[in-house]
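Everything on this sheet refers to the single structure shown next.
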């Protein structure tokens, strides 16, 4: 089951990256790791650094993909974003997006949906350049 979940996640991340590129985003990193965990996609659009969490689900048994980005996961993503910004020396605007990838129970692609700015980190981290 773990290998199947990893394959499903990798497929979702690939589809999310393709969507971002089709919208003109420049991909900077995928599966970036630091001691706090992993960021699925780090991209840039204009002068905004975009941290992207990708959630992929097959079927609706566990709800829509984006429902998997709960408060705990959002707080973790805020920590990860801060870690990346500090390590990379980024001094511009930052935004946290969510991309939900939904497949049917048979594996057919149903939708790839992008929510720009879906996660706010005000109570965790408040850079002056937060977008």
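The values are calculated or read from the model by the stated rules, or taken from the named source; none is laboratory data. Small disclaimer: the values here were computed from a predicted structure and weren't measured. Neighbour counts are summed over all protein chains in view; Cβ atoms, including those assigned to glycine, are modelled from backbone coordinates with ideal geometry.
Computed values, structure above
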{"quantity": "Cβ pairs under 7 Å, 6+ apart, first in segment 19-35 and at positive phi and free of Cβ contacts under 8 Å to residues at least 60 places away in the same chain, second part of a strand (DSSP E or B) and surrounded by 15 or more Cβ atoms within 10 Å (Cβ to Cβ)", "calculated": "24/45; 31/40"}
{"quantity": "Residue, farthest from residue 35 (Cα to Cα), within segment 92-112, restricted to residues that are touching a strand residue (DSSP E or B) at 6+ places or on another chain (Cβ under 8 Å) and free of Cβ contacts under 8 Å to residues at least 40 places away in the same chain", "calculated": "110"}
{"quantity": "Leading residue by the ranking (modelled with the lowest pLDDT) among those in segment 1-51 that are assigned to a loop (DSSP other than H, G, I, E, B) and within 17 Å of residue 114 (Cβ to Cβ)", "calculated": "46"}
{"quantity": "Residue list for segment 52-80, restricted to those being more than 15 Å from residue 12 (Cα to Cα) and in a loop (DSSP other than H, G, I, E, B)", "calculated": "60, 61, 62, 63, 70"}
{"quantity": "Residue list for segment 61-91, restricted to those being out of contact with any helix residue (DSSP H, G or I) (no Cβ under 9 Å at 6 or more places or on another chain), more than 18 Å from residue 36 (Cα to Cα) and surrounded by fewer than 17 Cβ atoms within 10 Å (Cβ to Cβ)", "calculated": "61, 63, 64, 67, 68"}
